[in-house]
Amino acid sequence: MINDLVVPLGTKLINVCGGAELARPKPWEVSDELWTVVKPLLPKVERRFRYPGRKRRDDRLVLQGIIFVLQTGIAWEHLPQELGFGSGMTCWRRLVEWQEAGVWQRLHETLLASLRAADALDFSHAAVDSSHIKALKGGGKTGRSPVDRGRTGSKHHVITDGTGIPLAFTLTGRNRNDGTQLIPLLQAVPPVRGKRGRPRRRPGVVLADRGYDHDKHRRLVRDLGIRPVIAHRNTQHGSGLGTKRWGRARLRAAAASACTAQTTPRPAGRRRSAPR
């Protein structure tokens, strides 16, 4: 989630607010404009007067270290010290600390509000999809895949606006059917502010593939005041739905990194100690 929100959404926020597109040679670098959005959302940690210990690593550097690990896919313990982001253990602890404090959800809502204020969100229709990720060591939200020889894993579910911007995410075991998360995804969309009047939460239309095909799901979607456009099973391809779901590749990419904070494993071989 963090990687997908901070880099693409942050870049788009800068573009729509600042006019000209800014060059970002390194995707893990946090620009001054984005940092002004993120900094007020971070919890303030007072340093102890007695036995203060080592000085806490700068939040901005640690955030860049977190994005670097998520962007490159390296193990936390392999984070290069030459970058100055701190140790991988420090970045991982700060990631968990901010997740528990609700930082990422508030950042998501803040960026969505800014994008809506700039007319960069399209609520006329939304699209839902999911992606699989392996979780060989198990966990609370894992399950044996029915299509991958029973391997354990998780499934990321995501809903995006008409342009492919992620609106909400859910995480389930790999053995859960996509259709079970259609309504939870629609209900998980936060109230998006940014304009006068009531916040926007519901798209006009929701698009989905055959994995969501069921009359029950269509009825529940209509009960929310949303028109379902769901492909039917056992029908020929070429219905035209794909022309509206042009952001499918981006949708899958968003799903793949949606719930990183919930599935990111802790560095191996170390105990979790007090945050620094």
Q.
Over the stretch 75-215, with the other protein chains present, what is the accessible area per residue in square angstrom, probe 1.4 angstrom?
A. 43 Å²
Q: Could you work out the local net charge near Arg151, counting Lys and Arg as +1, Asp and Glu as -1, over the other residues with Cβ closer than 11 Å to its Cβ?
A: +3
(Q) Straight-line reach only, C-alpha to C-alpha below 18 angstrom: list the lysines that Lys55 could link to, leaving out same-chain residues fewer than 8 apart. (A) Lys44
Q. If you take the square roots of the eigenvalues of the alpha-carbon gyration tensor of the stretch 92-247 and sort them as a ≥ b ≥ c, do you get rounded (a/c under 1.5), prolate (a/b over b/c) or oblate?
A. oblate
Q: Excluding residues on the same chain fewer than 8 positions from Lys26, give the lysines whose Cα lies under 21 Å from its Cα.
A: Lys12, Lys39
(Q) Using amide H atoms built in the peptide plane, which far-off residues or other-chain residues are under 5 Å from His125 H to H? (A) Gly162, Gly204, Val205
Q) Around Ala117, with a cut-off of 9 angstrom between Cβ atoms, what is the net charge of the other residues, counting Lys and Arg +1 and Asp and Glu -1? A) +2
**Q.** Cβ-defined net charge surrounding Asp59, 9 Å radius [Lys, Arg +1; Asp, Glu -1]
**A.** +4
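The values are calculated or read from the model by the stated rules, or taken from the named source; none is laboratory data. Bear in mind the structure is a predicted one, so any value in this text is a computation, not a measurement. Neighbour counts run over all protein chains shown; Cβ positions are idealised from the backbone, glycine included. Note: areas computed on protein heavy atoms with side chains; ligands, DNA, RNA excluded. Shrake-Rupley method; radii C 1.70, N 1.55, O 1.52, S 1.80 Å.
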